[in-house]
Amino acid sequence: MFNDSVLFYVVIITITTFCAILTYNRILPKIIRNIFSIATVFIPSIFAGLRYGIGTDFLGRYLPAFEGLKYNINYDPKFEIGFLMLNKFVIFIGGNINVVMFIMSLITTIFIWRGLRQYQKYFNPGIGMFIYMITYYQMSYNIVRQVAAMAILFYITKYIFERNILKFIFYLLIAMSIQVTSIIFLSVYFLYPILTKEKYKKMRKYFYILVLLFIINIEKIMFPILKAFSLDYYANYVKTDGIYVSYFFIFKCIVFLLPAFIYSKRILIDQTLKLQYSFVVLGCILMLTGYMGTSFTVRISFYFNLSLITIIPMVYTKLKQLKYFYLGQISIVSLILFWYIEYFIMLRSETVPYMFFFGQ
């Protein structure tokens, strides 16, 4: 059953990637390319909706909350307003929890795909879709709301470049109605010059150091503040067990950051890509907290590390053009290795074995 599940996800990832890449095959008629684009969005969403009992929070959080809302008008699942209204709408039309999961995955995949299509002048968005599928697709079976919010935030980075704060805030509020921690992305709009412009390069380094020092001392800084405002419940999220070395973490950061850093003048060719790379740097710093016993900031790191779906394809495409094709391949193969280790050996997000809702 384990091997069947690995093969199952391989097939979903392969077909989705195949459809995404063919969307940009100019030899094909436009109507065929549009069909492939629609398939890119619907294939992963359908199987996210057909599942039952997989994803850490499916049985422990989402299914009981849905049933509570269905049978008790006064039930309060403590969901954000957008996700709460979606559950109530699905109940109103006679649907079940699988309809909710399908819609959430569809929202996620649409915004991921729309976001990636903004980068088509740099690389084939199909490569970015492949990176998403092996890094965050199975994770979206667990942290359903957060990955949907992440997808929306990924899409609205274009409004940061355009300095269109009204559209940025509009979509940010939608993301917050699904997962309130999306509010952290508001800071990015104002940090944009520091994170991208050459004249702020030194300030950017100091900013990274400041974030790192904050993360290392997060319990000392945040614990008294949370206590002072009677937010003792959230104090558990900032407790640390001390830093320990993880070679897996170091290897991930090397793969995430080093190729683009070495060839930065040829890869990070404009403000758009520089911002995405800065996100990955911040994501790696925040990911460090996973090796300090702090879970909350690890979850926050996901918002920023999603930018891998642009940086890795850019690295792969540029290194191929520079005749260093093998280096780009190493990055892709390393991510495939991470995918297998995290989802099938470490069993993160609890997506193995895959189970359909039929007969449940």
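The values are calculated or read from the model by the stated rules, or taken from the named source; none is laboratory data. This structure is a prediction, so every number in the text was calculated from the model and none was measured. Here the Cβ positions follow ideal geometry from the backbone for every residue, glycine too, while neighbour counts run over all protein chains shown. Accessible surface areas use protein heavy atoms only, side chains included; no ligands, DNA or RNA. Shrake-Rupley method; radii C 1.70, N 1.55, O 1.52, S 1.80 Å.
Check every one of the helices (runs of 4 or more DSSP H) wholly within the range 296-360 and list those with 2 or more residues that are of a type in the set (Phe, Trp, Tyr) and in contact (Cβ under 8 Å) with a residue 12 or more places away in the chain. Give the derivation first.
Working: elements: 296-305, 308-321, 325-340.
Because the criterion is at least 2 residues that are of a type in the set (Phe, Trp, Tyr) and in contact (Cβ under 8 Å) with a residue 12 or more places away in the chain, the helices (runs of 4 or more DSSP H) in the range 296-360 that meet it are 296-305, 325-340.
In this structure, residue 156 does not qualify as more than 16 Å from residue 272 (Cβ to Cβ) and not polar (S, T, N, Q).
If you go through the range 48-60 and keep only what is open to solvent by 70 Å² or more (accessible area, probe 1.4 Å) and either in contact (Cβ under 8 Å) with a residue 60 or more places away in the chain or within 18 Å of residue 149 (Cβ to Cβ) (or both), you end up with nothing.
Going by what's in this entry, would residue 33 be described as among the charged types (D, E, K, R) and more than 30 Å from residue 125 (Cβ to Cβ)? Before you say what the answer is, go through the steps one by one.
Details: among the charged types (D, E, K, R): yes; more than 30 Å from residue 125 (Cβ to Cβ): no.
Taking the combined requirement at face value, the residue does not satisfy it.
Within the range 4-18, residues that are in contact (Cβ under 8 Å) with a residue 24 or more places away in the chain sit with their Cβ atoms under 7 Å from residues that are open to solvent by less than 10 Å² (accessible area, probe 1.4 Å) and not in a helix (DSSP H, G or I), at 6+ positions apart or across chains, in these pairs: 9/138.
Scan the range 19-38 for residues that are part of a helix (DSSP H, G or I) and touching a residue at least 24 places away in the same chain (Cβ under 8 Å) and jot them down.
Answer for the range 19-38, where residues must be part of a helix (DSSP H, G or I) and touching a residue at least 24 places away in the same chain (Cβ under 8 Å): 19, 20, 21, 22, 37.
Only one of 310, 317 is closer than 25 Å to residue 151 by Cβ, in contact with a Phe, Trp or Tyr (Cβ under 7 Å, 6 or more places away or on another chain), surrounded by fewer than 23 Cβ atoms within 10 Å (Cβ to Cβ) and of a type in the set (Val, Ile, Thr). Can you tell me which? Answer to the check: 317.
Is it the case that residue 192 is crowded, with 16+ Cβ neighbours inside 10 Å, out of contact with any Gly (no Cβ under 9 Å at 6 or more places or on another chain) and within 19 Å of residue 118 (Cα to Cα)? Reasoning before the result, please.
Numbers: crowded, with 16+ Cβ neighbours inside 10 Å: yes; out of contact with any Gly (no Cβ under 9 Å at 6 or more places or on another chain): yes; within 19 Å of residue 118 (Cα to Cα): yes.
The answer is yes for residue 192.
Within the range 160-188, residues that are free of Cβ contacts under 8 Å to residues at least 40 places away in the same chain reach partners that are of a type in the set (Val, Ile, Thr) with beta carbons closer than 6 Å, at six or more positions or on different chains, in the pairs 168/156; 171/152; 171/156; 175/152.
Let's see how each residue does on (1) open to solvent by 80 Å² or more (accessible area, probe 1.4 Å); (2) modelled with pLDDT of 75 or more; (3) outside any helix (DSSP H, G or I):
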position	(1), (2), (3)
208	no, yes, no
220	yes, yes, no
233	yes, no, no
255	no, yes, no
258	no, yes, no
265	yes, yes, no
272	no, yes, no
277	no, yes, no
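Looking for something open to solvent by 40 Å² or more (accessible area, probe 1.4 Å), at pLDDT 90 or above and over 19 Å from residue 148 (Cα atoms) - is there at least one such residue anywhere in the range 328-336? Before you say what the answer is, go through the steps one by one.
Step one: filter the range 328-336 for residues open to solvent by 40 Å² or more (accessible area, probe 1.4 Å), giving 329-330, 333, 336.
After this cut, where a residue has to be at pLDDT 90 or above as well, the list is 333, 336.
Filter again for over 19 Å from residue 148 (Cα atoms), leaving 333, 336.
Yes, there is a match, as at least one residue in the range 328-336 is open to solvent by 40 Å² or more (accessible area, probe 1.4 Å), at pLDDT 90 or above and over 19 Å from residue 148 (Cα atoms).
Only a single item in (1) under 24 Å from residue 129 (Cα atoms); (2) in contact (Cβ under 8 Å) with a residue 60 or more places away in the chain is not met by residue 100, and it is number (2).
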